[in-house]
Amino acid sequence: MSADPPLLELRNVDVVFNGVIQVLRGASLTVPAGAVVALLGANGAGKTTALRAVSGLLATEQGRVTAGHIGYAGADITNADPCAIVARGLVQVLDGRRVLAHLSVAQNLRAGAHFRRDFDEPAELARVLGYFPALERLMRRTAGYLSGGEMQMLLVGRALMARPRLMLLDEPSMGLAPRIAQELFATIRRINRAEGMAILLVEQNAAAALEICDHGYVMETGRVVLHGDRAALLANEDMRAFYLGLSLTQARRSYREVKHYKRRKRWLG
Amino acid sequence: MIELAQTTIGGVLTGLVYGLVALSFVVIYRAARIVNVAQGQLVLVGAFLLWTAASALGLPLWLAVPAALAGTGLLGVVLERLVFRPLVGQSGFTIVLATIALLVLLQGLVQLLWGAETRPFPAVLPSGSLHLGPFRLNRTLLLGGVLTVLLTEVLHWFFLHTREGLRLAAVAEDHFTALSMGISVRRATTIAWLLGGALACLAAMVLLSGRLLGASAAGIGFVALPVALLGGLESVRGAALAGVIVGVGEALASAYLDPLTNGAMSPIFPFALMVIVLLIRPQGLFGWRVIERL
């Protein structure tokens, strides 16, 4: 662990929707500058909520950070305006492939840089196409007609156009063929290395996420129940049993077995 | 044959004015997802603002026209702030009811401020008719039509090729996505109402230039609603094209069907078309998706 303050820090964050439904309970996590951090967990664990708490999008869903603190690059961004957060270089790629469906690929990319003043468009487009060469021949295509994999490339590319210091990625592999997802993860890792851009990655596909991350956090029912660096998580028996479907003897566990085991064993006692 | 062509040409020119009002619907709908039923009243206020600036205050037209455009745009912004922003997140039904209330309110306000009598409207555009071979073209409408087509192309370009336009286009697609990209939905909505108000005022100038101004001018808002629906509520270019379709249909109905039906057909035509559009293709010719039912 370095002595530098982390790029992003969530400290004991509570999130409440509609004033009554508590989704995050004292969640804490940190993303060091330039690192890839995975946020894992089952459906409904609060991963997406954690990302939206960071990017300031909770308010549109009647959600609010009611306790705790979110710090980014030395500033307090708890419940801040999402536009101000993006302008600071923190960009979220939402889940559900939200391309601007009626605009072309090129227009989508350009829209990603809408707030930048020091903007050399050809150079920036070339930079993004360097990571996603497949987009080059699709530049004039209407984004709504792209395949799932192409859309996901476009979304990461659009976020890159903003030249973020931290990118929040929400389930990029959802609904993609395994090989396409694998390629996407490899590219994400390459972007992280080349740009020194930190990534907070929410994934259901724990194995794929653990392959590219430096650190990982596991959430359940709004709490962080496990965290550690990549090696520690890969070695953790619960992690292997619950999320990777493996036991220490490398034999695969059946779903039924895991579910049963998980029910008996309670995280945090 | 010449009569048919002449009727068609007249329909095209009138239709382009409808298209201009429809364009003001479209600009507002794209950003705010609001079909402003009171858009005709914005046209009316725009007309009275120009009358006040040019006729009552005696300002020269080069000053009165921008003043009226800015004033109507500003009214749009004020309406958004006072009426529609507090309703964000409410159902479409609530918002439509609010626009209907606004319609009555604005109509009353105009009557309160400017009275009920009709007034001569300043001649903003040159009048008279232009003879082109066997055809007569209304100079005002011709200029207005050219203006509408130019404006449509400029807006289309603006939405796709400028930063501000791309922001508005992103907001038109999806508010949540736009917000996640750091685009201020409020700012985009404000700009859209400013534009929508100014376009309504411009339509008033084309429609009324050199004619009589009275409360009935707001009626164009009702004809423009079917035009906007036919073109597709998200489509800038669709508005002008649908305007031409409705304009020509109305003109032909007026020339050939009205004599047989005591003049009933031409006023019905746009609305009959609207019902057909809603039944067969509710998103219009170039609209994006099935619109919400109210």
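The values are calculated or read from the model by the stated rules, or taken from the named source; none is laboratory data. Remember, it's a predicted structure, so these values are computed and weren't measured experimentally. Cβ placement follows ideal geometry from the backbone for every residue including glycine, while neighbour counts extend to all protein chains displayed.
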Boolean, A:LEU109 is crowded, with 19+ Cβ neighbours inside 10 Å, more than 9 Å from every other protein chain (Cβ to nearest Cβ) and assigned to a helix (DSSP H, G or I):
yes
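Evaluate the following for A:VAL105: is it β-branched (Val, Ile, Thr) and not assigned by TED's automatic domain parsing to the domain that holds A:ALA33?
yes
State the number of residues belonging to the stretch A:112-128 that are in contact (Cβ under 8 Å) with a residue 12 or more places away in the chain and either within 14 Å of chain B (Cβ to nearest Cβ) or of a type outside the set (Val, Ile, Thr) (or both). It would help to see each step written out before you state the result.
Step one: of the stretch A:112-128, the residues in contact (Cβ under 8 Å) with a residue 12 or more places away in the chain are A:112-113, A:115-116, A:124-125, A:127-128.
Add one more test, that the residue is either within 14 Å of chain B (Cβ to nearest Cβ) or of a type outside the set (Val, Ile, Thr) (or both), and what stays is A:112-113, A:115-116, A:124-125, A:127.
Number satisfying all stated conditions: 7.
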Which of the residues spanning the stretch A:224-247 are small (Gly, Ala, Ser) and buried (at least 18 other Cβ atoms within 10 Å of the Cβ)?
A:ALA241
Of the listed residues (B:ARG237, B:ARG187), the one being surrounded by fewer than 24 Cβ atoms within 10 Å (Cβ to Cβ) and more than 23 Å from B:THR72 (Cβ to Cβ) is B:ARG237
One residue is enough: does the stretch B:140-151 have a residue meeting the conditions within 14 Å of chain A (Cβ to nearest Cβ), within 30 Å of A:SER104 (Cα to Cα) and surrounded by fewer than 18 Cβ atoms within 10 Å (Cβ to Cβ)?
no
Please pick out the residue among B:ALA217, B:ALA224 that is part of a helix (DSSP H, G or I), more than 30 Å from A:GLY144 (Cα to Cα) and of a type in the set (A, V, I, L, M).
B:ALA217
B:ALA31 - would you say it is within 26 Å of B:LEU285 (Cβ to Cβ), touching a Ser or Thr at 6+ places or on another chain (Cβ under 7 Å), touching a residue at least 60 places away in the same chain (Cβ under 8 Å) and among the aliphatic types (A, V, I, L, M)?
yes
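Go through the stretch B:152-165 and count every residue that is away from chain A (no Cβ under 13 Å) and closer than 12 Å to B:ALA31 by Cβ.
As a first pass, look at the stretch B:152-165 and keep what is away from chain A (no Cβ under 13 Å): B:152-155.
Retained after the next criterion (residues that are closer than 12 Å to B:ALA31 by Cβ): none.
Qualifying residue count for the region: 0.
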Has the stretch A:204-216 got at least one residue that is farther than 29 Å from B:ALA169 by Cβ and part of a strand (DSSP E or B)?
yes
What is the number of the single condition among (1) of a type outside the set (A, V, I, L, M); (2) buried (at least 18 other Cβ atoms within 10 Å of the Cβ); (3) out of contact with any Ser or Thr (no Cβ under 9 Å at 6 or more places or on another chain); (4) within 11 Å of chain A (Cβ to nearest Cβ) that B:SER180 does not meet?
(3)
Among B:LEU69, B:LEU82, which is without any contact (Cβ under 8 Å) to a residue 24 or more places away in the chain and not in a loop (DSSP other than H, G, I, E, B)?
B:LEU82
Filter the stretch A:73-101 for residues that are at the interface with another protein chain (Cβ under 10 Å from one of its Cβ atoms) and over 17 Å from the mean Cα position of the chain (by Cα); the one that is farthest from A:PRO32 (Cα to Cα) is A:ALA101
Tell me, yes or no, whether the stretch B:166-176 has at least one residue that is within 16 Å of the chain's Cα centre (by Cα) and either more than 14 Å from every other protein chain (Cβ to nearest Cβ) or assigned to a helix (DSSP H, G or I) (or both).
no
Just a yes or no: is a residue in the stretch A:130-147 crowded, with 22+ Cβ neighbours inside 10 Å and under 20 Å from B:LEU168 (Cα atoms)?
yes
